[in-house]
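The values are calculated or read from the model by the stated rules, or taken from the named source; none is laboratory data. The model shown is predicted, which means the values in this text are computed figures rather than measured ones. Note: ideal-geometry Cβ built from the backbone for every residue, glycine included; neighbour counts use all protein chains shown.
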Amino acid sequence: MEELLFKNWESVWHVGVCAVLAYIILFLFIRISGKRTLAKLTAFDFVVTVTLGSTLSSMILAKVPLVDGSVALALIIAMQYLLAWMARESNTLEKVINSSPTMVFYRGEFLEDAMKKEVLTREEIYAEIRKFRMLDVDQVEAVVMELNGELTVIKKSVGTSHSSLEDIENT
């Protein structure tokens, strides 16, 4: 029972040093890898985040040596870039890695099949419309569930020549 709270000063020192070094290593890798690693999470990004966190935890708690953990962090970030690049080059792979945006409301009508697929209620859609400070639902062109699970409300506009809804089915 005593070891549950305190083992010895050596293990406390080891965890402290590993935590600082692992934090610095992860910080450097994320700075090198760029904004994609910090983007709002798609399912793909979520997997990367969980694996990075798990690896960092293993490094801090000395379950793996710092060099091994650093290699694992570098490989995870490299795999993220490789898959993102492959998705950019292949429409088929892009659809496998990232889901497609889903229109859940269009020109005054709730798209019930899409809402069922995304497990959304009318109340959630209304709440998102209110977040965009819109009172008149007739002014809403569409509500889209994006790749990262966020809802986007698109206001109607006059004379649109190129719509941001072109890549979404149901338009």
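Listed by position, the helices (runs of 4 or more DSSP H) contained in region 85-168 that have at least 3 residues being at pLDDT 90 or above are 112-118, 122-131.
Results for (1) under 25 Å from Phe46 (Cα atoms); (2) of a type in the set (A, V, I, L, M, F, W, C), shown as yes or no for each residue.
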| residue | (1), (2) |
| --- | --- |
| Leu93 | yes, yes |
| Ser100 | yes, no |
| Val119 | yes, yes |
| Glu124 | yes, no |
| Asp136 | no, no |
| Gln139 | no, no |
| Thr152 | yes, no |
| Lys155 | no, no |
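If you check Val64, Val48 for being in contact with a Ser or Thr (Cβ under 9 Å, 6 or more places away or on another chain) and under 20 Å from Gly149 (Cα atoms), only one passes: Val48. Taken residue by residue, region 84-102 has at least one member that is surrounded by fewer than 12 Cβ atoms within 10 Å (Cβ to Cβ) and in contact with an Asp or Glu (Cβ under 8 Å, 6 or more places away or on another chain). Within the option set Val158, Val137, Val144, being in contact with a Ser or Thr (Cβ under 7 Å, 6 or more places away or on another chain), farther than 26 Å from Phe29 by Cβ and of a type in the set (A, V, I, L, M) holds for one residue only, Val144.
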